[in-house]
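Notes follow once the structure below has been shown.
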Amino acid sequence: MWQELLPVGRDGRTGGYRRFAWDDADRQCREWFEAQAQSRGMDVETDRNGNQWAWWGDADAGDALVLGSHLDSVPDGGAYDGPLGVVSAYATVDALRAAGITPTRPLAVTSFADEEGARFGIACTGSRLLTGSLDPDTARGLRDREGQTLAEVLAGAGRDPAYLGRDDAMLARIGTFVELHVEQGRALVDHGEPVGVASAIWPHGRWRFDFTGQANHAGTALMEDRRDPMLTYAMTALAANKQARLAGARATFGRVEVRPNATNAIPSRVLAWLDARAADPSVLSELVDVVARRAVDRAARDGTAVEVSAESETGAVVFEEGLRDRLTATLGGVPVLSTGAGHDAGVLAAAGVESAMLFVRNPTGVSHSPYEHAELDDCLAGVAALTSVVTHLGASGAA
């Protein structure tokens, strides 16, 4: 399975992956998912929000145990973020069948749509739409970098965007969701363990900073006469770095668009997106407020202007302690970790769906990068852990 999926969307120059919502690589991933389901005799469907489901047992019986993750990537992302969870879910189905174990409740493998938000700017789009935490009208109006709306892209893919929105029928089927994911950090390396269980997800969000100034000639405009929004942006990025370090938080300007984007022209506009995260919501709020104030203060000195708008905000998620503790005990007391990364499991948990996460050791500690990695033995340990979890949460030996 891993080798079949590995070439899809891979950039030969960077070694990273470009699997974006509803593009050709995404289509190939969807076809792979369906082929895997069909080869196992599992019923496969795509829900109204583009999430894929493969069912073992009666999907309408309710209280299903759902495993999976996502198959899309950030620009030049790694091979493991998302796909490891989907591949491991199918491998768990195989392990259960090989051991003669039949679930006593319906079991599903899922791949959520557009988890990374790389194309339309909002992470976990598929799970947010499913749970109703993303307004469907807002979703339909989201635009990619070429100016296409999500509604237009869906229509071009043969899907009716009018159906986007909370899916109570699908939610009623789910009893428990368990997402396996490569660790996006080095805690398991420090613990010397291949697998861990998640305790919580930090609050996080994305804010757009729109810096405006006056375009001018790079060679003739005196430095003291310039109204350069790039200068305001640069000082804001430095302020964000300083404030995050002081607060023990995270702040990243990872995407910037410059207009007119000419080497010999002072920019007229700089759009920059701040990704901010913290363990405590009050710390996160203060972080963003301070960075915004620093931007406004700097703009006044530079003769520029700035507007700040929130594009997405996600509160803290604490996974249900009873389930977390049961899984930790089932797996022999593995480490329990919090994470600053967002996940579909967090979206479902916030919506009241019983959810948990397993992490697989990442020896590099690097994620959202071609350097992201997991050793084969650790991946197999993850499958073994997921198989144990399924057996504990609802399975019995075959007659």
### Message
Just the residues that are part of a loop (DSSP other than H, G, I, E, B) and surrounded by 14 or more Cβ atoms within 10 Å (Cβ to Cβ), please, taken from the stretch 145-185.
### Response
Gln148, Ala157, Arg159, Leu164, Gly165, Arg166, Asp167, Glu183, Gln184, Gly185
### Any hit, the stretch 310-319, residues being surrounded by fewer than 20 Cβ atoms within 10 Å (Cβ to Cβ), charged (D, E, K, R) and within 30 Å of Pro267 (Cβ to Cβ)
yes
### Query
Quick check: anything in the stretch 111-120 hydroxyl-bearing (Ser, Thr, Tyr), in contact with a Ser or Thr (Cβ under 9 Å, 6 or more places away or on another chain) and more than 25 Å from Asp160 (Cβ to Cβ)?
no
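Are there helices (runs of 4 or more DSSP H) fully within the stretch 293-399 with at least 1 residues that are under 25 Å from the mean Cα position of the chain (by Cα) and farther than 30 Å from Ile122 by Cα? List them.
321-330, 376-394
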## Note on the structure
Residue count, the stretch 215-250, condition under 30 Å from Glu286 (Cα atoms) and assigned to a loop (DSSP other than H, G, I, E, B), comes to 4
### Message
Of the residues Leu238, Leu231, only one is under 27 Å from the mean Cα position of the chain (by Cα) and among the aliphatic types (A, V, I, L, M); which?
### Response
Leu238
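Computed from the coordinates by the stated procedures, all read-outs in this text should not be read as laboratory data. If you're wondering where the values come from, they're calculated on a predicted model, not measured in any experiment. Heads up, the Cβs are rebuilt from the backbone with ideal geometry, glycines too, and the neighbour counts pull from every protein chain shown.
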